[in-house]
1. Tell me the residue from 205, 216 that is in the same structural domain as residue 157 (by TED's automatic domain parsing), touching a helix residue (DSSP H, G or I) at 6+ places or on another chain (Cβ under 7 Å) and either in a loop (DSSP other than H, G, I, E, B) or more than 21 Å from residue 69 (Cα to Cα) (or both), please.
2. What are the residues in the range 270-297 that are in a helix (DSSP H, G or I) and either under 16 Å from residue 93 (Cα atoms) or touching a helix residue (DSSP H, G or I) at 6+ places or on another chain (Cβ under 8 Å) (or both), if any?
3. Mind listing just one residue for me: the one in the range 150-162 that is modelled with pLDDT of 95 or more and out of contact with any helix residue (DSSP H, G or I) (no Cβ under 6 Å at 6 or more places or on another chain) and, of those, farthest from residue 193 (Cα to Cα)?
4. Condition (residue is closer than 25 Å to residue 216 by Cα and in contact (Cβ under 8 Å) with a residue 24 or more places away in the chain) applied to the range 255-271: is it met by at least one residue?
5. Can you tell me which residue is surrounded by the most Cβ atoms within 10 Å (Cβ to Cβ) among those in the range 96-108 that are more than 13 Å from the chain's Cα centre (by Cα) and farther than 19 Å from residue 311 by Cβ?
6. How many residues, within the range 150-174, are part of a helix (DSSP H, G or I) and in contact (Cβ under 8 Å) with a residue 12 or more places away in the chain?
7. Looking at the range 61-95 only, could you name the residues that are free of Cβ contacts under 8 Å to residues at least 60 places away in the same chain, surrounded by 15 or more Cβ atoms within 10 Å (Cβ to Cβ) and in a loop (DSSP other than H, G, I, E, B)?
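The values are calculated or read from the model by the stated rules, or taken from the named source; none is laboratory data. All of these numbers come straight from a predicted model, not from anything done at the bench. Don't worry about glycine lacking a Cβ; one is built from the backbone with ideal geometry, like all the others, and counts go over all protein chains shown.
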């Protein structure tokens with residue numbers, strides 16, 4: 001075999017290997033199909049993976065990888081996985097040019113964030129209600145995306161991002177000085193992800209600058225039930241919760257797509273069952289989503305979760 005023929009053969013082999021690697025990385029193998037990755041809560045919650053599969057009538061042929069929130073977005077953007085659960089308010093969705101699949105059969109309930117406070121705490125400090133309700137309606141999905149992105153991608157401290165936002169809204173003054181004495185203290189908690197830490201700081205700073213109440217921070221406690229049980233036990237006085245999470249995960253109720261009805265139910269039931277008060281929502285709906293790379297979803301003709309279910313079904317039948 002001539003040198004030219006050998007070089008041609010080597011180049012051809014390299015090209016074929018490259019095509020295989022590209023296909024495996026970006027489109028999945030024919031037997032494997034799409035490669036999903038979900039966080040731990042999404043894999044176990046009734047409003048997560050199992051409920052979604054029952055609602056849309058499909059399952060992935062391979063077990064989804066369990067992956068931390070911060071890793072999933074990068075893994076998806078890099079082509080290491082193909083489908084992730086994401087939060088609609090995460091700034092990495094537009095930053096990484098990701099595509100949110102339409103929940104066309106309305107499986108996910110509305111997840112409007114709002115302060116959840118012990119009624120004992122509100123009796124002791126009734127001014128907290130008016131203070132925290134100043135945040136009502138001020139945080140749109142786009143605004144929350146921007147705040148999250150500042151922390152997740154720019155590496156800024158949650159306190160600084162929250163403080164800057166409150167200044168921009170005219171809710172606090174830049175020359176704040178803490179009082180010499182306090183009338184009491186409240187403890188603010190949060191779950192263990194960026195948005196919760198930012199909201200925890202928003203509430204803490206607003207209370208500190210609007211009253212002589214001392215604020216103790218217990219942020220990044222962990223999962224939903226860790227934060228909720230800490231609230232019930234009195235280890236914390238308030239944290240930000242989501243209406244859909246309260247409805248499905250805590251109350252164990254069926255999904256309701258109407259946001260006003262969802263809020264009404266959780267407000268009434270939490271007051272009766274747990275002596276907890278939902279204050280006015282912040283404004284954003286941090287619903288779960290299924291998310292793909294934009295160019296990949298377009299190539300496969302997937303725009304909705306029903307499209308995804310149909311695609312997975314076709315792959316399984318081959």
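1. On the way: 216 fails: touching a helix residue (DSSP H, G or I) at 6+ places or on another chain (Cβ under 7 Å).
Answer to the selection: 205.
2. Within the range 270-297, the subset in a helix (DSSP H, G or I) is 270-274, 294-297.
Across the range 270-297, the qualifying residues are 270, 271, 274, 294, 295, 296, 297.
3. The selected residue is 160.
4. From the range 255-271, those closer than 25 Å to residue 216 by Cα are 270-271; that's our starting set.
Okay, now just the ones that are also in contact (Cβ under 8 Å) with a residue 24 or more places away in the chain, so 270-271.
Taking every residue of the range 255-271 in turn, at least one turns out to be closer than 25 Å to residue 216 by Cα and in contact (Cβ under 8 Å) with a residue 24 or more places away in the chain.
5. Going through the qualifying residues, I end up with 96.
6. 10
7. The answer is 64, 67, 80, 81.
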